[in-house]
Amino acid sequence: MLTNTICFINQKGGCGKSSSCFHLGGHFAKLGLRVLLIDADPQGSLSQGLFGSTAIEGLRARESLAAIFDEDEIASPNLLVLPTQFERLSVIRANAQLAKHNTPEPEKAGMKQFALASFLENVPGFDLILIDCPPNLYLCSWNAMLASNFVVIPVPPEDFATQGLRTVHQAIEQAMPLQPALKLLGHLIIRSDMRLLVHRTYEEQLRRLHGEAVFSTVVPEASAFKVAISCRKPVSHYAPNSKAASVIAALGNEMLHRMSLLDAQRRIA
């Protein structure tokens, strides 16, 4: 697997998966990397962030990720991979057409488990692929893991966001025999407000439980992220000198460093 592919997974909604892909994709593209964003969530939040709800809601199945699961469609990279207005940043969009394919018990889906991995074999030319997963561990998330070599778990430092982590870890472990290259890149503490005791307490707990598996960089709750998305721009492009853009840059650098270390370990093994 020459292209590093990272899926963002948590079975809770509102954990920052879509915004992480959105802002990191812009940052990595600005660094000079060729980046592909894949919206694997039937809600289509990542796609809407780039193009608006009207454009995304009207997509046909053949124009969205649903095409790779639909036996009546031919999944063409030329049709599915769409350049954005930002240099070196492309996207595969999704909308509600994907919902019927996102079935539970994905391990029983036969070859559909590998639909995304098989499709990406015919999509050359990218240095980095970021996959935004739905807030469950059904077929779309399962496909994302089997197509990836790294997993990031965004975790707001709150009870509802952290209580399902064990199930997410189990899903990753179950995917590894089918995708031996898959590694946990890290837990990402996101939407943090250090003024709140509960957030500080949960961060301490996460670091105590998972140690170095938690990114050093913490993404705060910041209005700049939301304003940038409302303007259809990653924060690196909307407000490049902002604190929010600096945080994303630090996170991106940490991710690249971790990937290089894990890639080196793979080569030695």
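The values are calculated or read from the model by the stated rules, or taken from the named source; none is laboratory data. Just so you know, these numbers come straight off a predicted model, no measurement behind them. Every residue, glycine among them, receives a Cβ derived from its backbone with ideal geometry; neighbour counts consider all protein chains shown.
Could you tell me whether any residue of the stretch 33-48 is in a helix (DSSP H, G or I), modelled with pLDDT of 95 or more and under 11 Å from the mean Cα position of the chain (by Cα)? Yes, some residue in the stretch 33-48 is in a helix (DSSP H, G or I), modelled with pLDDT of 95 or more and under 11 Å from the mean Cα position of the chain (by Cα). Which of the residues that make up the stretch 119-143 are in contact with a helix residue (DSSP H, G or I) (Cβ under 8 Å, 6 or more places away or on another chain) and either without any contact (Cβ under 8 Å) to a residue 12 or more places away in the chain or under 13 Å from F69 (Cβ atoms) (or both)? Listed by number, the residues that qualify are F119, Y138, L139, C140, W142, N143. In this structure, does A175 turn out to be touching a strand residue (DSSP E or B) at 6+ places or on another chain (Cβ under 8 Å) and at pLDDT 95 or above? So A175 does not fit the description; no. Report, by residue number, each residue of the stretch 64-108 that is out of contact with any Pro (no Cβ under 9 Å at 6 or more places or on another chain), in a loop (DSSP other than H, G, I, E, B) and not polar (S, T, N, Q). F69, D70, E71, D72, E73, I74, A75, E87, R88, R93, P104, E105 - these are the residues of the stretch 64-108 that are out of contact with any Pro (no Cβ under 9 Å at 6 or more places or on another chain), in a loop (DSSP other than H, G, I, E, B) and not polar (S, T, N, Q).
Do you know which of the residues in the stretch 141-175 that are aromatic (F, W, Y) and closer than 24 Å to S192 by Cβ is farthest from the chain's Cα centre (by Cα)? Filtering the stretch 141-175 for residues that are aromatic (F, W, Y) and closer than 24 Å to S192 by Cβ, the one farthest from the chain's Cα centre (by Cα) comes out as F160. Scanning the stretch 225-260 for residues that are outside any helix (DSSP H, G or I) and within 18 Å of the chain's Cα centre (by Cα) yields R232, K233, P234.
Is it true that F114 is surrounded by fewer than 19 Cβ atoms within 10 Å (Cβ to Cβ), farther than 21 Å from S20 by Cα and of a type in the set (F, W, Y)?
yes
Checked across the stretch 250-259, the condition of being surrounded by fewer than 12 Cβ atoms within 10 Å (Cβ to Cβ) and more than 15 Å from V152 (Cα to Cα) holds for no residue. Do the conditions hold for L206, that is, is it surrounded by 14 or more Cβ atoms within 10 Å (Cβ to Cβ), at pLDDT below 95 and within 19 Å of the chain's Cα centre (by Cα)? Against the criterion (surrounded by 14 or more Cβ atoms within 10 Å (Cβ to Cβ), at pLDDT below 95 and within 19 Å of the chain's Cα centre (by Cα)), L206 does not qualify.
One line per residue, one yes/no per condition, for (1) in contact with a strand residue (DSSP E or B) (Cβ under 9 Å, 6 or more places away or on another chain); (2) surrounded by 13 or more Cβ atoms within 10 Å (Cβ to Cβ); (3) modelled with pLDDT of 95 or more; (4) within 12 Å of A40 (Cβ to Cβ):
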residue	(1), (2), (3), (4)
I56	yes, yes, yes, no
A66	no, yes, yes, yes
R88	yes, yes, yes, no
I92	yes, yes, yes, yes
A96	no, yes, yes, no
A99	no, yes, yes, yes
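Checked against (1) under 20 Å from G14 (Cα atoms); (2) in contact (Cβ under 8 Å) with a residue 40 or more places away in the chain; (3) surrounded by fewer than 14 Cβ atoms within 10 Å (Cβ to Cβ), M194 passes all but a single condition, namely (2). I'd like the full set of residues that are farther than 19 Å from S64 by Cβ and basic (K, R), limited to the stretch 4-40. Scanning the stretch 4-40 gives K12, K30, R34.
Taking residues in the stretch 202-231 that are touching a residue at least 40 places away in the same chain (Cβ under 8 Å), and partners anywhere that are assigned to a helix (DSSP H, G or I) and among the aliphatic types (A, V, I, L, M), the pairs with Cβ atoms closer than 6 Å and at least 6 places apart or on different chains are V219/V247; F225/V235; F225/A244; A228/V235.
Yes or no, residue by residue, for (1) of a type outside the set (S, T, N, Q); (2) within 21 Å of M259 (Cβ to Cβ):
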residue: Q174; (1), (2): no, no
residue: L188; (1), (2): yes, yes
residue: L196; (1), (2): yes, no
residue: R200; (1), (2): yes, no
residue: E204; (1), (2): yes, no
residue: H210; (1), (2): yes, yes
residue: V214; (1), (2): yes, yes
